[in-house]
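Chemist: Submitted below is the structure of interest, expressed as structure tokens.
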């Protein structure tokens, strides 16, 4: 019982831990932002934070943010980007690019904070904006085939064409002329390097401090736009690592629940994780054959988990799990840390933890199991010294009584119970210790001769 509870708590804890990795949609991701100044006459600027892959949720969020900015006569929209690719189709990407290009409100793009990335279709969207900025140590490029070329001027189109399979640093982007100047923070991107270099419509004020240099401050009010809590959470669930681990943990918990009596918390958590994992895999570019290998792996472990020892199906399942994990996504991979957690965690739980749970469920304390002594069963494997037998529909680890070998399929009888092991003998012809041998009752004793 203790092992079963420990295994369940471990799997459930890992599931909740992964779910907890989803960043709160209300958490601020960028650099420090200014609050709205109600006393200024400047137009409000909207900052739209975008992180992770651009999926349908984020695409809708960008469209809605631009529409609300237009309806509220915003002074401009700054897309704060930290994304390595899009998982929407080309038509959807072209629609976003057209919306950005034709918006009556100017749209700007900033790759930040420090160390952020704008690659793939995201980099193409950034190139459509009025002006781009990039934080220190950020990366830009690896655009892939140009999809939004009709919305780019000739210079930017030529620059992006050279970055189809190349990623450049912030300084390289400035040298190429793709970005006007380095912007370590979002505020410096909006303010520009010198007075007069602010984004069109963006106001600043100079504050003088005695004994120190004058400092420019933001005067325009700023409105921060983020995904709602629920949409932000669902967007995080659809990240590659999250979807992969949720799928595996959900399947493992459902298998665990299959071998327990009734429906418990493991089954509920497993079902939720499995559904969320399936949702994430559906959103992401998943290879169907790799996903099929993951399903085969879980089924293979399920077949062998009852035997208590890894056999052929466990080996097949591990190979399928390894290949399916490595090639699950089309166009990008999973980090090695995520792969280790998924592959090693599932393999160990299925080949060690789960069989221990099964034996514990069907064979906890010896007290109360005396009724099994004398019961008949069948050998699942050949039992020379020990092996697997089936008693009353349940698999057991068993030791043969003394040195009598038993072939697979032979009927057996339980003669004793030692901990979680059964002591068995063949139905007929069981060996007997010479000290227990007595003259047979049906053999007459010889009369002494005269």
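The values are calculated or read from the model by the stated rules, or taken from the named source; none is laboratory data. Please read these numbers as outputs of a predicted model, since none were measured by experiment. Positions of Cβ are generated from backbone atoms using ideal geometry, with glycine treated the same way; all protein chains shown enter the neighbour counts.
Chemist: Only residues that are outside any loop (DSSP other than H, G, I, E, B), at pLDDT below 85 and crowded, with 16+ Cβ neighbours inside 10 Å: list them for the stretch 403-420, please.
Modeler: 417
Chemist: Assess whether residue 42 counts as being closer than 26 Å to residue 183 by Cβ, at pLDDT below 90 and either touching a strand residue (DSSP E or B) at 6+ places or on another chain (Cβ under 9 Å) or surrounded by fewer than 22 Cβ atoms within 10 Å (Cβ to Cβ) (or both).
Modeler: Considered against the rule, which asks whether it is closer than 26 Å to residue 183 by Cβ, at pLDDT below 90 and either touching a strand residue (DSSP E or B) at 6+ places or on another chain (Cβ under 9 Å) or surrounded by fewer than 22 Cβ atoms within 10 Å (Cβ to Cβ) (or both), residue 42 comes out as yes.
Chemist: Scanning the stretch 180-196 for residues that are in a loop (DSSP other than H, G, I, E, B) and touching a residue at least 60 places away in the same chain (Cβ under 8 Å), which turns out nearest to residue 218 (Cα to Cα)?
Modeler: Among residues in the stretch 180-196 that are in a loop (DSSP other than H, G, I, E, B) and touching a residue at least 60 places away in the same chain (Cβ under 8 Å), the one nearest to residue 218 (Cα to Cα) is 185.
Chemist: Please find, among 382, 425, the residue that is more than 23 Å from residue 371 (Cβ to Cβ), outside the structural domain of residue 311 (by TED's automatic domain parsing), surrounded by 13 or more Cβ atoms within 10 Å (Cβ to Cβ) and at pLDDT 80 or above.
Modeler: Checking each option against the conditions leaves just 382.
Chemist: Here is a follow-up. Given the structure, is residue 221 at pLDDT 85 or above, out of contact with any helix residue (DSSP H, G or I) (no Cβ under 9 Å at 6 or more places or on another chain), outside the structural domain of residue 280 (by TED's automatic domain parsing) and surrounded by 14 or more Cβ atoms within 10 Å (Cβ to Cβ)?
Modeler: Criteria met by residue 221.
Chemist: Additional query: Of all residues in the stretch 70-106, which are under 20 Å from residue 146 (Cα atoms) and over 28 Å from the mean Cα position of the chain (by Cα)?
Modeler: Selection gives 94, 95, 97, 98, 99, 100, 101, 102.
Chemist: With a cut-off of at least 1 residues that are buried (at least 24 other Cβ atoms within 10 Å of the Cβ) and assigned by TED's automatic domain parsing to the domain that holds residue 191, name the helices (runs of 4 or more DSSP H) lying wholly within the stretch 108-179.
Modeler: Correct list: 121-128, 170-176.
Conditions tested, residue by residue: (1) modelled with pLDDT of 90 or more; (2) touching a helix residue (DSSP H, G or I) at 6+ places or on another chain (Cβ under 6 Å); (3) under 28 Å from residue 50 (Cβ atoms).
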| residue | (1), (2), (3) |
| --- | --- |
| 254 | no, yes, no |
| 257 | no, yes, no |
| 262 | no, no, no |
| 269 | no, yes, no |
| 274 | yes, yes, no |
| 289 | yes, no, no |
| 297 | yes, yes, no |
| 300 | no, yes, no |
| 316 | yes, yes, no |
